[in-house]
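The values are calculated or read from the model by the stated rules, or taken from the named source; none is laboratory data. Everything numeric here is computed off the predicted structure, so don't read it as measured data. We place every Cβ from the backbone using ideal geometry, glycine too, and count neighbours over all the protein chains shown. These area figures cover heavy atoms from the full protein model, side chains too; ligands, DNA and RNA do not enter into them. Shrake-Rupley method; radii C 1.70, N 1.55, O 1.52, S 1.80 Å.
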Amino acid sequence: MKEGLEFSNPGFKQIEDFVPYNESIIWQISNDYYQQKGLLAWSDKNPKIIPHKSGSNYQNALNIIKILKKLQQQFHPQKKIKFLECGAGSGRFSRHLLLAARDEGFIDNLELYVSDFSEKNLDEIKSRKILSDINDVQEGVHYHYLLLDITRAKSQSTFDFIFLHFVFDALKLTILQKNSNQEFKELYVSSSLRNDIQFSVIDNVFLQARLQKDFQWKDYEIDKQSELEKKFFPELLEFSKSKEPYKEIFYMYSALEAMQNLISMLDPCGLIFSSDIKPHQEKNYIIVGNALAHEVDNNFLTIAFPKTYNFILNDDKISRVVISPSRQVIETIKENFQSYYGPQNTIQEYIELESQISNQIEHNDTTNLKQKSEKLFKYAPYNAYSLDLIAKANLILGNKKNSNYFQNFAKSIDYWEDLD
(Lines give C-alpha, C1' and ligand atoms only; values in the text may rest on other atoms or scores of the structure.)
Protein backbone atom coordinates (compact mmCIF):
# COMPACT_ATOMS: atom_id res chain seq x y z
CA MET A 1 0.00 0.00 0.00
CA LYS A 2 1.41 3.40 -0.93
CA GLU A 3 2.24 5.72 1.95
CA GLY A 4 -0.61 8.10 2.69
CA LEU A 5 -3.06 6.23 0.47
CA GLU A 6 -6.54 6.23 1.97
CA PHE A 7 -8.99 3.43 1.35
CA SER A 8 -12.50 3.34 2.78
CA ASN A 9 -13.64 -0.21 1.94
CA PRO A 10 -13.73 -2.00 5.31
CA GLY A 11 -11.96 -5.35 5.44
CA PHE A 12 -9.87 -4.55 2.36
CA LYS A 13 -6.41 -3.07 1.90
CA GLN A 14 -5.69 -1.09 -1.23
CA ILE A 15 -2.71 -2.50 -3.07
CA GLU A 16 -2.59 0.18 -5.76
CA ASP A 17 -4.50 3.34 -6.63
CA PHE A 18 -5.73 4.00 -10.17
CA VAL A 19 -2.96 3.54 -12.74
CA PRO A 20 -3.01 2.79 -16.47
CA TYR A 21 -3.92 -0.84 -17.09
CA ASN A 22 -0.53 -1.63 -18.60
CA GLU A 23 1.23 -0.29 -15.49
CA SER A 24 -0.93 -2.15 -12.99
CA ILE A 25 0.41 -4.53 -10.35
CA ILE A 26 -1.56 -7.33 -11.98
CA TRP A 27 1.13 -7.44 -14.69
CA GLN A 28 3.89 -7.74 -12.10
CA ILE A 29 2.00 -10.61 -10.44
CA SER A 30 1.68 -12.33 -13.82
CA ASN A 31 5.36 -11.88 -14.61
CA ASP A 32 6.43 -13.16 -11.16
CA TYR A 33 4.17 -16.19 -11.55
CA TYR A 34 5.78 -17.22 -14.84
CA GLN A 35 9.26 -16.54 -13.47
CA GLN A 36 8.83 -18.28 -10.08
CA LYS A 37 6.21 -21.03 -10.38
CA GLY A 38 8.16 -23.13 -12.85
CA LEU A 39 6.78 -26.13 -14.70
CA LEU A 40 4.07 -26.90 -12.14
CA ALA A 41 2.12 -23.93 -13.52
CA TRP A 42 1.33 -26.34 -16.38
CA SER A 43 0.61 -29.40 -14.24
CA ASP A 44 -2.79 -31.09 -14.51
CA LYS A 45 -2.83 -31.15 -10.70
CA ASN A 46 -2.49 -27.37 -10.45
CA PRO A 47 -5.92 -25.95 -9.48
CA LYS A 48 -5.54 -23.17 -12.07
CA ILE A 49 -3.52 -24.72 -14.88
CA ILE A 50 -2.11 -22.57 -17.69
CA PRO A 51 -3.74 -23.87 -20.90
CA HIS A 52 -1.41 -25.96 -23.01
CA LYS A 53 -3.27 -28.98 -24.36
CA SER A 54 -4.45 -27.54 -27.69
CA GLY A 55 -0.92 -26.76 -28.83
CA SER A 56 1.46 -28.84 -26.73
CA ASN A 57 0.20 -32.25 -27.79
CA TYR A 58 1.68 -34.97 -29.98
CA GLN A 59 -0.86 -34.46 -32.79
CA ASN A 60 0.09 -30.81 -33.22
CA ALA A 61 3.79 -31.74 -33.18
CA LEU A 62 3.15 -34.46 -35.77
CA ASN A 63 1.31 -31.99 -38.03
CA ILE A 64 4.23 -29.58 -37.87
CA ILE A 65 6.83 -32.27 -38.57
CA LYS A 66 4.87 -33.26 -41.70
CA ILE A 67 4.86 -29.61 -42.79
CA LEU A 68 8.59 -29.36 -42.09
CA LYS A 69 9.31 -32.44 -44.20
CA LYS A 70 7.54 -30.81 -47.12
CA LEU A 71 9.33 -27.49 -46.61
CA GLN A 72 12.75 -29.10 -46.36
CA GLN A 73 12.24 -31.15 -49.50
CA GLN A 74 11.35 -28.09 -51.56
CA PHE A 75 13.27 -25.22 -49.94
CA HIS A 76 16.03 -26.53 -47.63
CA PRO A 77 17.25 -29.83 -49.12
CA GLN A 78 20.91 -29.43 -48.10
CA LYS A 79 20.52 -28.38 -44.45
CA LYS A 80 18.78 -29.05 -41.17
CA ILE A 81 15.58 -27.18 -40.36
CA LYS A 82 16.36 -24.62 -37.64
CA PHE A 83 13.26 -24.45 -35.46
CA LEU A 84 12.70 -21.80 -32.78
CA GLU A 85 10.04 -22.45 -30.14
CA CYS A 86 9.19 -19.23 -28.31
CA GLY A 87 7.75 -19.42 -24.80
CA ALA A 88 8.55 -23.12 -24.31
CA GLY A 89 7.09 -22.93 -20.81
CA SER A 90 6.59 -26.48 -19.59
CA GLY A 91 8.62 -28.13 -22.36
CA ARG A 92 5.68 -30.35 -23.38
CA PHE A 93 5.63 -29.21 -26.99
CA SER A 94 9.44 -29.42 -27.23
CA ARG A 95 9.30 -33.03 -26.08
CA HIS A 96 6.47 -33.97 -28.42
CA LEU A 97 8.17 -32.27 -31.39
CA LEU A 98 11.36 -34.26 -30.84
CA LEU A 99 9.41 -37.48 -30.39
CA ALA A 100 7.34 -36.86 -33.52
CA ALA A 101 10.50 -36.04 -35.49
CA ARG A 102 12.10 -39.27 -34.30
CA ASP A 103 8.97 -41.32 -35.09
CA GLU A 104 8.79 -39.79 -38.58
CA GLY A 105 12.48 -40.42 -39.29
CA PHE A 106 13.13 -36.67 -39.38
CA ILE A 107 15.15 -36.18 -36.19
CA ASP A 108 18.51 -35.77 -37.93
CA ASN A 109 17.00 -33.07 -40.14
CA LEU A 110 15.83 -30.96 -37.18
CA GLU A 111 17.66 -28.52 -34.90
CA LEU A 112 15.29 -27.29 -32.20
CA TYR A 113 15.93 -24.16 -30.11
CA VAL A 114 13.90 -24.36 -26.89
CA SER A 115 13.49 -20.75 -25.76
CA ASP A 116 11.75 -18.98 -22.89
CA PHE A 117 12.10 -15.69 -21.03
CA SER A 118 12.15 -17.58 -17.71
CA GLU A 119 15.48 -19.11 -16.78
CA LYS A 120 13.70 -21.17 -14.12
CA ASN A 121 11.53 -22.87 -16.74
CA LEU A 122 14.54 -23.79 -18.86
CA ASP A 123 16.46 -25.03 -15.81
CA GLU A 124 13.52 -27.24 -14.77
CA ILE A 125 13.14 -28.70 -18.27
CA LYS A 126 16.79 -29.70 -17.94
CA SER A 127 16.67 -30.93 -14.33
CA ARG A 128 13.50 -33.00 -14.88
CA LYS A 129 15.14 -34.56 -17.97
CA ILE A 130 12.09 -33.82 -20.10
CA LEU A 131 14.15 -33.84 -23.29
CA SER A 132 17.30 -35.70 -22.29
CA ASP A 133 15.34 -38.92 -21.56
CA ILE A 134 14.33 -39.32 -25.23
CA ASN A 135 16.20 -42.17 -26.87
CA ASP A 136 18.26 -41.30 -29.97
CA VAL A 137 17.92 -37.55 -29.27
CA GLN A 138 20.93 -35.49 -28.12
CA GLU A 139 21.32 -32.00 -26.66
CA GLY A 140 23.68 -29.93 -28.78
CA VAL A 141 22.81 -31.98 -31.85
CA HIS A 142 19.03 -32.13 -32.08
CA TYR A 143 18.11 -29.41 -29.58
CA HIS A 144 19.55 -26.41 -27.70
CA TYR A 145 18.31 -24.14 -24.89
CA LEU A 146 17.98 -20.40 -25.43
CA LEU A 147 17.05 -17.72 -22.87
CA LEU A 148 15.10 -15.23 -24.99
CA ASP A 149 12.63 -12.42 -24.34
CA ILE A 150 11.13 -11.81 -27.77
CA THR A 151 9.88 -8.34 -26.78
CA ARG A 152 13.40 -7.10 -26.03
CA ALA A 153 16.05 -9.15 -27.81
CA LYS A 154 16.76 -10.62 -31.19
CA SER A 155 18.65 -13.84 -31.68
CA GLN A 156 21.72 -13.66 -33.90
CA SER A 157 20.59 -16.86 -35.62
CA THR A 158 18.24 -17.18 -38.58
CA PHE A 159 15.42 -19.72 -38.30
CA ASP A 160 13.40 -21.66 -40.84
CA PHE A 161 10.37 -22.16 -38.57
CA ILE A 162 9.28 -20.08 -35.55
CA PHE A 163 6.51 -21.46 -33.35
CA LEU A 164 4.47 -19.69 -30.66
CA HIS A 165 1.56 -21.14 -28.70
CA PHE A 166 -0.34 -18.86 -26.32
CA VAL A 167 2.56 -16.39 -26.17
CA PHE A 168 1.26 -13.11 -27.61
CA ASP A 169 -1.78 -13.23 -25.31
CA ALA A 170 0.50 -12.94 -22.26
CA LEU A 171 2.44 -9.88 -23.48
CA LYS A 172 1.82 -6.45 -21.99
CA LEU A 173 -0.80 -4.25 -23.66
CA THR A 174 -3.04 -1.33 -22.91
CA ILE A 175 -6.82 -1.29 -23.30
CA LEU A 176 -8.33 1.65 -25.19
CA GLN A 177 -11.60 2.75 -26.67
CA LYS A 178 -12.67 5.62 -28.91
CA ASN A 179 -15.47 7.92 -27.83
CA SER A 180 -18.00 9.47 -30.19
CA ASN A 181 -15.51 12.27 -30.92
CA GLN A 182 -12.92 9.71 -32.09
CA GLU A 183 -10.73 10.46 -29.04
CA PHE A 184 -8.90 7.61 -27.34
CA LYS A 185 -9.71 6.78 -23.74
CA GLU A 186 -7.43 4.52 -21.69
CA LEU A 187 -8.48 1.99 -19.07
CA TYR A 188 -7.17 2.62 -15.54
CA VAL A 189 -7.35 0.04 -12.78
CA SER A 190 -7.25 0.14 -8.98
CA SER A 191 -6.56 -3.07 -7.01
CA SER A 192 -7.39 -4.07 -3.43
CA LEU A 193 -7.31 -7.28 -1.40
CA ARG A 194 -9.16 -8.57 1.63
CA ASN A 195 -7.10 -8.15 4.81
CA ASP A 196 -7.18 -11.87 5.62
CA ILE A 197 -5.89 -13.01 2.20
CA GLN A 198 -2.19 -13.72 1.70
CA PHE A 199 -0.43 -11.67 -0.96
CA SER A 200 1.71 -14.45 -2.40
CA VAL A 201 2.16 -15.24 -6.08
CA ILE A 202 3.23 -18.82 -5.37
CA ASP A 203 1.36 -19.89 -2.23
CA ASN A 204 -1.95 -18.23 -3.18
CA VAL A 205 -2.70 -19.60 -6.66
CA PHE A 206 -5.95 -17.59 -6.76
CA LEU A 207 -4.35 -14.23 -5.92
CA GLN A 208 -5.26 -12.54 -9.22
CA ALA A 209 -8.87 -13.73 -8.98
CA ARG A 210 -9.14 -12.52 -5.38
CA LEU A 211 -8.00 -9.00 -6.15
CA GLN A 212 -10.88 -6.57 -6.18
CA LYS A 213 -10.48 -4.21 -9.12
CA ASP A 214 -12.15 -0.92 -9.97
CA PHE A 215 -11.91 0.64 -13.42
CA GLN A 216 -12.00 4.14 -14.89
CA TRP A 217 -11.60 5.55 -18.41
CA LYS A 218 -9.27 8.52 -18.81
CA ASP A 219 -7.81 10.47 -21.71
CA TYR A 220 -5.04 8.66 -23.60
CA GLU A 221 -2.27 11.14 -24.42
CA ILE A 222 0.21 9.52 -26.78
CA ASP A 223 2.99 12.02 -26.12
CA LYS A 224 3.09 10.83 -22.49
CA GLN A 225 3.35 7.12 -23.35
CA SER A 226 6.35 4.82 -23.66
CA GLU A 227 8.54 4.89 -26.75
CA LEU A 228 7.16 1.49 -27.75
CA GLU A 229 3.56 2.74 -27.66
CA LYS A 230 4.57 5.77 -29.72
CA LYS A 231 6.35 3.53 -32.24
CA PHE A 232 3.22 1.63 -33.23
CA PHE A 233 0.70 4.45 -32.80
CA PRO A 234 0.21 4.88 -36.60
CA GLU A 235 -0.68 1.19 -36.81
CA LEU A 236 -3.09 1.63 -33.92
CA LEU A 237 -4.78 4.54 -35.71
CA GLU A 238 -5.18 2.42 -38.84
CA PHE A 239 -6.52 -0.58 -36.93
CA SER A 240 -8.93 1.53 -34.86
CA LYS A 241 -10.74 2.75 -37.99
CA SER A 242 -12.62 -0.55 -38.06
CA LYS A 243 -13.72 -0.25 -34.43
CA GLU A 244 -17.08 1.17 -33.39
CA PRO A 245 -17.15 3.89 -30.71
CA TYR A 246 -16.77 2.56 -27.15
CA LYS A 247 -15.63 -0.87 -28.35
CA GLU A 248 -12.53 -1.96 -26.50
CA ILE A 249 -9.27 -2.04 -28.46
CA PHE A 250 -6.40 -4.19 -27.23
CA TYR A 251 -3.36 -2.15 -28.18
CA MET A 252 -0.85 -5.03 -28.38
CA TYR A 253 2.28 -2.93 -28.77
CA SER A 254 4.49 -5.59 -27.08
CA ALA A 255 3.20 -8.26 -29.46
CA LEU A 256 3.81 -5.96 -32.43
CA GLU A 257 7.40 -5.40 -31.29
CA ALA A 258 7.87 -9.13 -30.75
CA MET A 259 6.52 -9.84 -34.23
CA GLN A 260 9.01 -7.44 -35.79
CA ASN A 261 11.85 -9.03 -33.80
CA LEU A 262 10.81 -12.49 -35.00
CA ILE A 263 10.57 -11.33 -38.61
CA SER A 264 14.19 -10.16 -38.40
CA MET A 265 15.23 -13.71 -37.44
CA LEU A 266 13.28 -15.45 -40.21
CA ASP A 267 14.84 -17.11 -43.25
CA PRO A 268 13.50 -15.80 -46.61
CA CYS A 269 11.85 -19.22 -47.08
CA GLY A 270 10.83 -19.53 -43.43
CA LEU A 271 7.54 -19.57 -41.52
CA ILE A 272 6.16 -18.07 -38.32
CA PHE A 273 3.30 -20.08 -36.83
CA SER A 274 1.37 -18.55 -33.94
CA SER A 275 -1.74 -19.94 -32.23
CA ASP A 276 -3.62 -18.00 -29.60
CA ILE A 277 -6.88 -17.04 -27.90
CA LYS A 278 -9.62 -16.40 -30.44
CA PRO A 279 -10.70 -12.73 -30.61
CA HIS A 280 -14.10 -11.15 -30.02
CA GLN A 281 -15.02 -13.12 -26.90
CA GLU A 282 -15.96 -9.91 -25.03
CA LYS A 283 -13.51 -10.34 -22.14
CA ASN A 284 -11.01 -7.79 -20.83
CA TYR A 285 -8.67 -10.52 -19.70
CA ILE A 286 -8.54 -14.15 -18.63
CA ILE A 287 -6.90 -15.31 -15.41
CA VAL A 288 -5.06 -18.63 -15.38
CA GLY A 289 -3.26 -19.30 -12.13
CA ASN A 290 -1.83 -15.87 -11.36
CA ALA A 291 -1.09 -15.19 -15.01
CA LEU A 292 -3.02 -12.86 -17.31
CA ALA A 293 -4.07 -13.68 -20.85
CA HIS A 294 -5.86 -11.62 -23.48
CA GLU A 295 -7.56 -12.27 -26.77
CA VAL A 296 -5.28 -11.86 -29.78
CA ASP A 297 -6.53 -10.33 -33.01
CA ASN A 298 -4.14 -11.69 -35.61
CA ASN A 299 -5.42 -9.13 -38.10
CA PHE A 300 -3.81 -6.46 -35.92
CA LEU A 301 -0.56 -8.44 -35.70
CA THR A 302 -0.31 -8.66 -39.49
CA ILE A 303 0.19 -4.88 -39.50
CA ALA A 304 3.67 -5.45 -38.07
CA PHE A 305 5.13 -7.32 -40.99
CA PRO A 306 6.07 -5.99 -44.43
CA LYS A 307 3.35 -5.63 -47.05
CA THR A 308 5.16 -8.16 -49.23
CA TYR A 309 4.68 -10.90 -46.60
CA ASN A 310 2.05 -13.60 -47.03
CA PHE A 311 -0.15 -15.28 -44.45
CA ILE A 312 -3.01 -17.69 -43.74
CA LEU A 313 -5.50 -17.02 -40.95
CA ASN A 314 -7.47 -19.83 -39.38
CA ASP A 315 -10.01 -19.44 -36.57
CA ASP A 316 -11.38 -22.68 -35.12
CA LYS A 317 -11.46 -23.27 -31.37
CA ILE A 318 -8.39 -21.03 -31.25
CA SER A 319 -6.91 -18.51 -33.69
CA ARG A 320 -3.90 -19.47 -35.82
CA VAL A 321 -1.77 -17.55 -38.29
CA VAL A 322 1.14 -18.68 -40.48
CA ILE A 323 3.36 -16.01 -41.97
CA SER A 324 6.15 -16.10 -44.55
CA PRO A 325 8.06 -13.67 -46.75
CA SER A 326 7.63 -16.25 -49.52
CA ARG A 327 4.32 -16.71 -51.32
CA GLN A 328 5.62 -20.02 -52.65
CA VAL A 329 6.15 -21.30 -49.10
CA ILE A 330 2.59 -20.37 -48.15
CA GLU A 331 1.18 -22.04 -51.26
CA THR A 332 3.23 -25.17 -50.55
CA ILE A 333 1.84 -25.68 -47.03
CA LYS A 334 -1.63 -24.18 -47.49
CA GLU A 335 -3.47 -27.42 -48.26
CA ASN A 336 -1.80 -29.30 -45.41
CA PHE A 337 -2.35 -26.45 -42.97
CA GLN A 338 -6.05 -26.14 -43.75
CA SER A 339 -6.44 -29.91 -43.49
CA TYR A 340 -4.57 -30.24 -40.19
CA TYR A 341 -6.29 -27.26 -38.56
CA GLY A 342 -9.70 -27.29 -40.17
CA PRO A 343 -13.00 -27.86 -38.31
CA GLN A 344 -12.44 -31.64 -38.16
CA ASN A 345 -8.88 -32.13 -36.96
CA THR A 346 -7.01 -34.73 -34.94
CA ILE A 347 -6.08 -32.23 -32.21
CA GLN A 348 -9.71 -31.54 -31.40
CA GLU A 349 -10.59 -35.23 -31.73
CA TYR A 350 -7.85 -36.10 -29.24
CA ILE A 351 -9.01 -33.54 -26.67
CA GLU A 352 -12.66 -34.60 -27.01
CA LEU A 353 -11.75 -38.31 -26.87
CA GLU A 354 -9.76 -37.83 -23.68
CA SER A 355 -12.76 -36.05 -22.12
CA GLN A 356 -15.16 -38.83 -23.19
CA ILE A 357 -12.99 -41.57 -21.72
CA SER A 358 -12.55 -39.66 -18.46
CA ASN A 359 -16.33 -39.28 -18.19
CA GLN A 360 -16.94 -42.96 -18.94
CA ILE A 361 -14.42 -44.05 -16.31
CA GLU A 362 -16.12 -41.83 -13.76
CA HIS A 363 -19.49 -43.46 -14.52
CA ASN A 364 -18.13 -46.99 -15.05
CA ASP A 365 -19.44 -46.95 -18.62
CA THR A 366 -17.63 -49.49 -20.83
CA THR A 367 -19.44 -48.65 -24.12
CA ASN A 368 -16.81 -48.78 -26.88
CA LEU A 369 -14.23 -48.07 -24.19
CA LYS A 370 -11.67 -50.52 -25.58
CA GLN A 371 -11.79 -48.99 -29.07
CA LYS A 372 -11.67 -45.45 -27.68
CA SER A 373 -8.66 -46.29 -25.49
CA GLU A 374 -6.79 -47.76 -28.44
CA LYS A 375 -7.52 -44.63 -30.47
CA LEU A 376 -6.38 -42.38 -27.60
CA PHE A 377 -3.07 -44.24 -27.43
CA LYS A 378 -2.58 -43.54 -31.14
CA TYR A 379 -3.31 -39.83 -30.61
CA ALA A 380 -1.32 -39.40 -27.39
CA PRO A 381 1.36 -42.10 -27.11
CA TYR A 382 3.63 -40.02 -24.84
CA ASN A 383 1.23 -38.12 -22.57
CA ALA A 384 1.21 -39.26 -18.94
CA TYR A 385 -2.36 -38.15 -18.22
CA SER A 386 -3.70 -39.87 -21.37
CA LEU A 387 -1.80 -43.06 -20.58
CA ASP A 388 -3.16 -42.99 -17.04
CA LEU A 389 -6.70 -42.79 -18.45
CA ILE A 390 -5.96 -45.76 -20.71
CA ALA A 391 -4.70 -47.69 -17.67
CA LYS A 392 -7.89 -46.93 -15.74
CA ALA A 393 -10.03 -47.87 -18.74
CA ASN A 394 -8.25 -51.24 -19.02
CA LEU A 395 -8.80 -51.83 -15.32
CA ILE A 396 -12.59 -51.47 -15.52
CA LEU A 397 -12.51 -53.59 -18.71
CA GLY A 398 -10.88 -56.35 -16.64
CA ASN A 399 -7.48 -56.27 -18.38
CA LYS A 400 -5.19 -55.86 -15.37
CA LYS A 401 -1.99 -56.69 -17.28
CA ASN A 402 -2.55 -53.89 -19.79
CA SER A 403 -3.63 -51.58 -16.99
CA ASN A 404 -0.35 -52.15 -15.12
CA TYR A 405 1.68 -51.61 -18.29
CA PHE A 406 0.08 -48.25 -19.10
CA GLN A 407 0.15 -47.16 -15.46
CA ASN A 408 3.90 -47.80 -15.23
CA PHE A 409 4.47 -46.10 -18.58
CA ALA A 410 2.52 -43.05 -17.39
CA LYS A 411 4.48 -42.81 -14.14
CA SER A 412 7.81 -43.06 -15.97
CA ILE A 413 7.06 -39.88 -17.98
CA ASP A 414 5.16 -37.91 -15.33
CA TYR A 415 7.58 -34.99 -15.56
CA TRP A 416 4.95 -32.40 -14.58
CA GLU A 417 3.47 -34.30 -11.61
CA ASP A 418 0.14 -34.66 -13.41
CA LEU A 419 -0.86 -37.97 -11.80
CA ASP A 420 -2.43 -38.72 -8.44
ask   = log10 I(q)/I(0), Debye, Cα-only the chain, no solvent, q = 0.11, 0.13 Å⁻¹?
value = -0.91, -1.21
key: Relative packing of peptides 358-365, 128-135, 108-115, 322-329 - highest average C-beta neighbours within 10 Å first   = 108-115, 322-329, 128-135, 358-365
query = Just the projected area, averaged over all directions, of the convex hull on the alpha carbon atoms of the range 303-420: how many nm²?
reply = 9.8
task = Would you mind telling me the share, in percent, of accessible area of the range 1-128 contributed by carbon and sulfur at probe 1.4 angstrom?
result = 44
remark   = Karplus ³J(HN,Hα) for the range 209-224 (6.51 cos²θ - 1.76 cosθ + 1.60, θ = phi - 60°; Hz, whole; x = Gly/Pro) runs 5, 8, 5, 8, 10, 10, 10, 9, 10, 10, 4, 9, 9, 5, 5, 9
query = For the range 349-420, what is the relative contact order in percent, using Cα pairs closer than 8 Å and at least 6 residues apart in sequence?
reply = 29
log₁₀ of I(q)/I(0) at q = 0.12, 0.17, 0.20 Å⁻¹ - the range 1-157, Debye sum with one point per alpha carbon = -0.63, -1.03, -1.30
Three-way shape call for the range 216-368 based on the alpha-carbon gyration tensor, with the a/c threshold at 1.5 = oblate
key: CD proxy at 222 nm, helix term only [per DSSP H run n ≥ 4: -39500 (n - 2.57); per residue of the chain; nearest 500]   = -11000 deg cm²/dmol
message = Tell me the net charge near Leu131. Cut-off is 10 Å between Cβ atoms, Leu131 excluded, with +1 for each Lys or Arg and -1 for each Asp or Glu.
response = +2
ask   = Sequence-distant or interchain residues sharing an amide H contact under 5 Å with Tyr145, placed H: which?
value = Val114
task = Specify whether the C-alpha gyration tensor of the range 109-258 places it in the rounded, prolate or oblate class, a ≥ b ≥ c being the square roots of the eigenvalues: rounded for a/c under 1.5, otherwise prolate if a/b is larger than b/c and oblate if not.
result = oblate
remark   = Relative contact order in percent for the chain (Cα pairs under 8 Å, 6+ apart) equals 19
task = Determine the alpha carbon to alpha carbon distance for each of Lys154/Lys231; Lys213/Lys247; Lys37/Lys230; Lys66/Lys378; Lys66/Lys154; Lys80/Lys231 and list only those over 24 Å.
result = Lys37/Lys230; Lys66/Lys154; Lys80/Lys231
query = Roughly how many percent of the accessible protein surface of the range 179-261 is carbon and sulfur, given a 1.4 Å probe and a whole-percent answer?
reply = 45
inquiry  = Please compute the per residue accessible area over the range 251-359 with all protein chains in place, 1.4 Å probe, rounded to a whole number of Å².
reply    = 38
inquiry  = Keeping every protein chain present and rolling a 1.4 Å probe, give me the accessible area per residue for the range 37-89 in Å².
reply    = 35
